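The values are calculated or read from the model by the stated rules, or taken from the named source; none is laboratory data. No experiment lies behind these values; they were computed from the predicted model shown. Cβ: placed from backbone, ideal geometry, glycine included. Neighbour counts: every protein chain shown.
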Amino acid sequence: MTTENEDEQVLGAVSTALVALDELGDLATFRMPYPPAVQRTMDRLTLHCLRRDARPPSSVPGLIRWGYDRPLGLWPLVLPPDVYPEHGLLLDELSGAPTALCHEIALQAETANPFLEVSRQVKAMAALADEHDRAPEYRTLREVLADHLVLTNDGFNDVRFFASIRVLDDHLTAWYVPIGPGYEVDGEIHACAGCGGPLLPAGEDWWCEREECAIDGIVTPGARWDRDAQVLVQGDRRHRQFVAGPGRAAQRFGAELAASGVEVEHWPVSGPGDLRVTTPAGRIRSAQLVDWHSPALLGRAIAASVAGHSADSMHWVVARYRTDADPAYLRIAREHATTAMIFSEAGFTDLLHDEAGAHA
């Protein structure tokens, strides 16, 4: 667990409880009995509020209301202001789904090494590919995961046939699960035109779990399927947020680097990172694409990863839209990571070009 004080621990427990409730179904319509861990969190928050002479939420539905109508700055918690945005919400106001920030807080509350935790399944897949000398099939499977967040059953079978991933076929099957009923609107399921991920109805509008789409203003329906199409969604929300989303960024950024003349290997089966880049001087640099709402929580996660590997050789490259939207993003992330090896996409590209110029 990476949180530092009692108030952060309470917030972590609340975030974890909200994520757990969301995984059970629509938070707005869920009924008792609540999971024991959720009830324990309610008891813990109630006790904490009473100690602070604050009125606690009266029930789990009350806690859910706090999630979408009470910014963190109004919770009876003393939180580091440079880590937790005072206007941040744990639940989206319109869709009721946990926000990206909520998932980041929950992940850090549950594990000491967030990046290790979210990468276990892909690392197992890479190890199997390495053992059987199937690096091309592994890269193909990662491309499938980057390109297809949602598939119909027929589409899944087509991908499975044409991808020809052989020994990794069981892993592909494990990634896709039936989509939940909360995504259905008038008998149809809609994908986001921006990222291809599942859209949730949000009042008269739509909500995409990828913040990039909201920032770019492209949260609109793209593909749509009838409920009888047996729609499958890739993994759970945590996987899509921390693995599939950055994987899409890695696919795009790696292609841009390759087009500029840099030698790039996408998703190497051995060694760290999403991209292995070879400079003109022959130096190999490993890059991990990252996409977090909170630069401070990202910094903490990177610090935990660096400490776990007893090395600081990874180049952490932040998805472009994050640094474009917040000029202070890199500074904040570096302060909390205690490493300078965090780059914007442009910064990492400049690093490679500077090395190429020095070698010329």
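Values computed for the structure shown
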| item | result |
| --- | --- |
| Exclusive hit being among the small types (Gly, Ala, Ser) and free of Cβ contacts under 8 Å to residues at least 24 places away in the same chain, set Ala100, Ala54 | Ala54 |
| Selection from region 30-58 of residues that are among the polar types (S, T, N, Q) and closer than 13 Å to Val14 by Cα | Gln39, Thr41, Thr46 |
| Boolean, Tyr34 is hydroxyl-bearing (Ser, Thr, Tyr) and at pLDDT 95 or above | no |
| Considering residues of region 191-216 that are among the charged types (D, E, K, R) and surrounded by 15 or more Cβ atoms within 10 Å (Cβ to Cβ) only, the residue farthest from Leu101 (Cα to Cα) | Glu212 |
| Residue match in region 137-153 (condition: surrounded by fewer than 16 Cβ atoms within 10 Å (Cβ to Cβ) and over 23 Å from the mean Cα position of the chain (by Cα)) | yes |
| Per-region count, region 179-215, residues in a strand (DSSP E or B) and within 19 Å of Val243 (Cα to Cα) | 5 |
| Boolean, Asp22 is in contact with a strand residue (DSSP E or B) (Cβ under 8 Å, 6 or more places away or on another chain), crowded, with 21+ Cβ neighbours inside 10 Å and among the acidic types (Asp, Glu) | yes |
| Extreme residue, farthest from Gly182 (Cα to Cα), among residues of region 92-134 that are assigned to a helix (DSSP H, G or I), touching a strand residue (DSSP E or B) at 6+ places or on another chain (Cβ under 9 Å) and not aromatic (Phe, Trp, Tyr) | Ala106 |
| Failed item, numbered, when Ala328 is tested on (1) surrounded by fewer than 20 Cβ atoms within 10 Å (Cβ to Cβ); (2) modelled with pLDDT under 95 | (2) |
| Residue within region 217-229 that is in contact with a helix residue (DSSP H, G or I) (Cβ under 6 Å, 6 or more places away or on another chain), assigned by TED's automatic domain parsing to the domain that holds Lys123, in contact (Cβ under 8 Å) with a residue 24 or more places away in the chain and surrounded by fewer than 19 Cβ atoms within 10 Å (Cβ to Cβ) present | no |
| Filter pass, Thr279 being over 22 Å from Phe242 (Cα atoms), in contact with a strand residue (DSSP E or B) (Cβ under 8 Å, 6 or more places away or on another chain) and in contact (Cβ under 8 Å) with a residue 60 or more places away in the chain | yes |
| Residues that are buried (at least 19 other Cβ atoms within 10 Å of the Cβ) and closer than 29 Å to Ser15 by Cβ, drawn from region 120-136 | Val122, Met125 |
| Which listed residue, of Glu137, Glu143, is in contact with a Lys or Arg (Cβ under 7 Å, 6 or more places away or on another chain), part of a helix (DSSP H, G or I), outside the structural domain of Ala287 (by TED's automatic domain parsing) and over 30 Å from Asp7 (Cβ atoms) | Glu137 |
| Pair list, Cβ under 6 Å, 6 or more apart: region 162-181 residue surrounded by fewer than 18 Cβ atoms within 10 Å (Cβ to Cβ), other residue among the aliphatic types (A, V, I, L, M) | Ala163/Val144 |
| Members of region 221-250 that are out of contact with any strand residue (DSSP E or B) (no Cβ under 7 Å at 6 or more places or on another chain) and within 23 Å of His293 (Cβ to Cβ) | Gly235, Asp236, Arg237, Arg238, His239, Gln241, Phe242, Val243, Gly245, Gly247, Arg248 |
| Spans of strands (runs of 3 or more DSSP E) in region 230-316 with at least 3 residues surrounded by 15 or more Cβ atoms within 10 Å (Cβ to Cβ) and among the charged types (D, E, K, R) | none |
| Matching entry among Ala54, Ala100 (being more than 30 Å from Ile189 (Cα to Cα), assigned by TED's automatic domain parsing to the domain that holds Val10, at pLDDT 95 or above and not polar (S, T, N, Q)) | Ala54 |
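To keep it simple, each residue is scored yes or no on (1) small (Gly, Ala, Ser); (2) in contact with a helix residue (DSSP H, G or I) (Cβ under 6 Å, 6 or more places away or on another chain); (3) farther than 22 Å from Thr152 by Cα.
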site	(1), (2), (3)
Trp175	no, no, no
Tyr183	no, no, no
Ile189	no, yes, no
Gly196	yes, no, no
Pro201	no, no, no
Glu204	no, no, yes
Glu212	no, yes, yes
Ile215	no, yes, yes
